[in-house]
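Engineer: Structure below; questions to follow.
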Amino acid sequence: MRRLLPLLICLLASSAPFFIHAADRPNILFILADDLGWKDTGFMGSDYFETPNLDALAARSLIFKQAYAGAANCAPSRACLMTGQQSPRHGIYTVSPSDRGNPATRKLIPTKNIDHLDDEDITLAELIKELGYQTCQAGKWHLGDDSRTQGFDRNIGGWSSGSPKGGYFAPWDNPFLDQGEDGEYLTDRITTEALTWLKERDEKKPFFLYLPYYAVHTPLQAKPELIEKYKAKGARGEVDNPVYAGMVENMDTQIGRVLDYLEDQNLTKDTLIIFSSDNGGIRSVAPQDPLRAGKGSYYEGGIRVPMTVAWPGHIKPGINQDAMVTFIDWLPTMMSLLGHRLPDRPLDGIDFSPVLLGKQESVDRSLYYHFPIYLQAYNPKRDDGRDPLFRTRPGSVIRKGDWKLHEYFEDAAIELYNLESDIGETNNVITEHPEEAKKLYEELKAWRTSLDAGVPTQSNPEYDPVAAADFLIQSLNKKGR
């Protein structure tokens, strides 16, 4: 075990599994978009992005309006999903390195980052495979060199890279995906390969298809006809990026192909279908107003994500406004639904199957994030972070009920927001509610201690306040879209 003190917050309502017999277990399709913002689909309220297939899926799903990613960027969020553990346990805090940004602007030496999941880590896929499932990962893995070492029978296009090397149009550079004809689009090809696997599988066994598309991660590249479509459509408020919109719509089309196959094969009623995004979208690409900031930030725009869950006859369609759920919850929840054992190691998520199955509306819990690292700005003028140079400086976050507290390690600053009245995190109310801030801060510190989540304290010898000020001025003077 890498960490010292376990924190097991599982089996929220009942220790009895929902399913016991193998015949009752559903197929599982987990679709994960990359960098798709909270509002970037029709079912989440957008009138700019056209996502008819996801909208139709959402209409027969339970939609979570307060769903959270495992982290604010790709690799750590996916590690949280696969292990049911927070970053201080698996050690993946960011996409390496952890000391990003201009050295003169960083006051602390950040915690070192781990690139990949450890062989000792037990994944969701490994546990599901123990139940006799056929398992396939199709798309972005980003947690090691080959997803087959972590419980998947088939790996389609998944390796250590977090972005599509060579871009979205063939020829691409991917050791787990045969080269396509020039001009073939990556999202389409991954879908075709996933459908081939579904068609060739053993129909007597259930399947787990993990479909984490590279889309809509940068580089922003879309099919020309879709770019022209959105150019002609024009902006909707602050949202105006025809290339990104084309990527979103094409991903929706490919998801539709998979959903159509399930329907054609009469598999929909026997399949648990989950859709989400690994973190918030890039704010300069698609603002998530009223949510603040975007990918890489621990304001709401960086961690709140769309999430739908469908399972005919078991999960009643509708909208859940209250339950705060996050990626670390999926492992214990899935094990409860499938009637399988939990791994013999500490977990940080909760079993929210009672919410899925309509037994309760919400869950009594706190959300925590620890990010003792730096993430440099994408766009100093548009990121809407705490300062223009970084999306994230080292700190921790707790959300409990309507309250959310940010702690920053460089200057010991505390920010307190009430999300019920201020979802945009614009008004720091710590002076008005010092007692609430104190309670949250003490809970956050206790949580860090329970996970042995260290706070960086070593000063960075390269930090230069004069050079930092100059760099800030230069950054703000650059043109920002």
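Engineer: If each residue of separation counts as 0.36 nm, what is the full-extension length gain between THR431 and ARG60 once their alpha-carbon separation is subtracted?
Structural biologist: Going from the current span to full extension adds 129.1 nm.
Engineer: Something else now. With just the Cα atoms defining each centre, how far is the stretch 164-229 from the stretch 391-446? Give it in Å.
Structural biologist: Using only Cα atoms, the two centres lie 40 Å from each other.
Engineer: Starting from the 7 Å offset along Cα-to-Cβ, what nm value, one decimal, do you get for the label separation of GLU361 and GLU126?
Structural biologist: 4.0 nm
Engineer: Fully extended, how many nm does the chain gain between GLU181 and ASP270 (0.36 nm per residue separation, minus their Cα-Cα distance)?
Structural biologist: The GLU181-ASP270 span can extend by a further 28.5 nm.
Engineer: Continuing with this model, one more query. Taking a virtual spin label 7 Å from the Cα of VAL455 along the C-beta vector, which residues in the stretch 413-427 bring their backbone nitrogen under 17 Å of it?
Structural biologist: 413-416
Engineer: While we're on this one: Sort 280-293, 340-353, 409-422 by packing, meaning the average of other beta carbons within 10 Å per residue, with the highest value first.
Structural biologist: The most tightly packed comes first, giving 280-293, 340-353, 409-422.
Engineer: Next question, about the same structure. Hey, of (1) 21.9; (2) 24.3; (3) 29.4, which did the structure itself give for mean projected area of the Cα convex hull in nm² when calculated?
Structural biologist: Only one option fits the structure, namely (1).
Engineer: Please report the relative contact order for the stretch 22-365, taking Cα pairs under 8 Å with a sequence separation of at least 6, and give it as a percent rounded to a whole number.
Structural biologist: Once divided by the residue count of the stretch 22-365, the mean separation gives 30 percent.
Engineer: Additional query: Can you check what the net charge comes to around TRP197, using other residues whose Cβ is under 10 Å from the Cβ of TRP197 (Lys, Arg +1; Asp, Glu -1)?
Structural biologist: 0
Engineer: What is the sum of charges, Lys and Arg at +1 and Asp and Glu at -1, for the other residues whose Cβ falls under 11 Å from the Cβ of TYR48?
Structural biologist: -3
Engineer: With a sphere of radius 13 Å drawn around the Cβ of ALA125, what net charge do the other residues whose Cβ falls strictly inside it have (Lys, Arg +1; Asp, Glu -1)?
Structural biologist: -1
Engineer: Something else about it: Roughly what would the spin-label model give for SER96 and ASP411, points 7 Å off Cα along C-beta, in nm?
Structural biologist: 3.2 nm
All of the numbers you see were taken from the coordinates with simple rules; none came from a lab. Fair warning: this is a prediction, and the values are worked out from it, not measured in the lab. Counting neighbours? That spans all protein chains shown, and the Cβs are built from the backbone with ideal geometry, glycine included.
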